[in-house]
Amino acid sequence: QLVGGIPSELGSLPAMQSLGLSGNNLSGSIPVELGSLENLRQLHIGGNDLSGGIPAELGNLLSLDTLWLPGNELTGSLPSELGSLSNLQTLALSENQLSGSIPDWLGGLSNLQYLWADFNQFTGFISPELGSLSNLVILNLGGNPLTGTIPSELGTLSRLEGLYLFYTPLEGTIPTELGGLANLKNLRLNGSRFTGPIPPSLGGLTKLVEFDVQSNALGGDVPISMTNLISVTTMDLGYNMLMASSPAVAAFLDGKDPDWAETQTLPPSDLQVAGVSGASVELSWQPITYTLDGGYYEVSYAATPGGPYSVHGTTSDKTANGYQAIGLSPTTDYYFVVRTHTPAHTGQQNSLWSDYTDEVLSLIH
């Protein structure tokens, strides 16, 4: 076991093909002299306390098939010189403090099979060029402050078995093209800002064993095609705005994720006019199951069917089963709707607003 830093003298051993120094509590920077190891195929220096940037000189290691750097304190952006590592199969960068963008040149590493870059500080968009990595098996970019959407080009990665884009600010809809990832086993998009429905095409991912989309802003009816995912052993749909109108879908989801329905931000059910008195209307409804984590019901009204609606007021929380709308005008038709709000909270970075209920009509006499 070495003490201190990586000796620069190792760079004077050009015949070396493998260097394994992981988990040795090494500190300091990665010596630029390692770029002289022209026959090196595997460089394992993860699980240390190495700091500083990744030396551009590592781009000289043209025989390298494994660059293993996770669990250090590395900083800075990825040097473009690494784009010369045409034999690279594994690039492991997890749990560092690397920053900058996910560079386009990564798409040129045609032999790359495993790309772990989770829990760094990478920013910007996910490059569509990653869709060129036809041999990629694992793509893990989770836990980075990435922005933008999931490139549809990732749907061409026919060998992909694991796609991990969890705990990011990524937004937009889940691309339909991901349904073409026939070998996908693990799909984790949890803790991000994805919106829209679950694409029916994902029901074609019949090899999937893990499907995690909890704590996003997904909504709408879960498609019946999802009942094809019989191999899934881990499913989490919680903390979204999803529903299952099909009994078959509901039964399937209950079997895979028993409490999924208990944390959905949905409109209350059975909205009714419970009474009219003077210039007020008493509304009642059935509260939703998910009453935790703050939030309330927003009551709106319009003088014409379909709106536009004006907010009349809100309830104190999501346990409320009714609301009294006061200060209304006599001899006027009012069309009321209600929707549910759940604020962002621990583990959920989205502020959720459900759809509106169906309208109810009340005439103030």
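The table that follows gives values for the structure above.
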item	result
Flag if Gly162 is open to solvent by less than 20 Å² (accessible area, probe 1.4 Å), without any contact (Cβ under 8 Å) to a residue 60 or more places away in the chain and not hydrophobic (A, V, I, L, M, F, W, C)	yes
Number of positions in region 346-364 that are crowded, with 16+ Cβ neighbours inside 10 Å, of a type outside the set (S, T, N, Q) and either touching a helix residue (DSSP H, G or I) at 6+ places or on another chain (Cβ under 6 Å) or modelled with pLDDT of 95 or more (or both)	5
Subset of region 95-118 [crowded, with 21+ Cβ neighbours inside 10 Å, part of a loop (DSSP other than H, G, I, E, B) and either of a type outside the set (Val, Ile, Thr) or touching a residue at least 60 places away in the same chain (Cβ under 8 Å) (or both)]	Asn96, Leu109, Leu112, Ala117, Asp118
Of all residues making up region 35-64, the number that are open to solvent by 20 Å² or more (accessible area, probe 1.4 Å), part of a loop (DSSP other than H, G, I, E, B) and more than 15 Å from Leu10 (Cα to Cα)	4
Criterion: within 16 Å of the chain's Cα centre (by Cα) and open to solvent by 10 Å² or more (accessible area, probe 1.4 Å) - qualifying residue of Asp221, Asp236, Asp270	Asp236
Residues of region 273-309 classified as among the acidic types (Asp, Glu), more than 30 Å from Val213 (Cα to Cα) and open to solvent by less than 40 Å² (accessible area, probe 1.4 Å), total	0
Top-ranked residue in region 197-217 [being in contact with a Gly (Cβ under 7 Å, 6 or more places away or on another chain) and not in a loop (DSSP other than H, G, I, E, B); ranked as surrounded by the most Cβ atoms within 10 Å (Cβ to Cβ)]	Leu202
Among the candidates Thr75, Thr90, Thr149, residue that is among the hydroxyl-bearing types (Ser, Thr, Tyr) and either open to solvent by less than 10 Å² (accessible area, probe 1.4 Å) or closer than 22 Å to Phe194 by Cβ (or both)	Thr149
Every residue from region 20-29 that is in a loop (DSSP other than H, G, I, E, B) and either within 19 Å of Asn87 (Cα to Cα) or open to solvent by 10 Å² or more (accessible area, probe 1.4 Å) (or both)	Leu21, Ser22, Gly23, Asn24, Asn25, Ser29
Residue check, Leu69 more than 26 Å from Ser158 (Cβ to Cβ), in contact with a strand residue (DSSP E or B) (Cβ under 9 Å, 6 or more places away or on another chain) and open to solvent by less than 10 Å² (accessible area, probe 1.4 Å)	yes
Search result, residues across region 119-135 that are open to solvent by 60 Å² or more (accessible area, probe 1.4 Å) and either under 15 Å from Thr168 (Cβ atoms) or at pLDDT below 95 (or both)	Phe119, Gln121, Thr123, Phe125
Contacts under 9 angstrom Cβ, first residue in region 342-354 being part of a strand (DSSP E or B), partner open to solvent by less than 20 Å² (accessible area, probe 1.4 Å) and of a type in the set (Phe, Trp, Tyr), 6 or more apart	Thr342/Tyr290
Selection within region 310-332 - within 12 Å of Ser280 (Cα to Cα) and surrounded by 12 or more Cβ atoms within 10 Å (Cβ to Cβ)	His312, Tyr323, Gln324, Ala325, Ile326, Leu328, Thr332
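The values are calculated or read from the model by the stated rules, or taken from the named source; none is laboratory data. What you see is a predicted model, and the numbers here were worked out from it, not measured in a lab. Cβ sites come from the backbone with ideal geometry, for glycine too, and all protein chains shown count toward neighbours. For accessibility, only protein heavy atoms count, side chains too; no ligands or nucleic acids. Shrake-Rupley method; radii C 1.70, N 1.55, O 1.52, S 1.80 Å.
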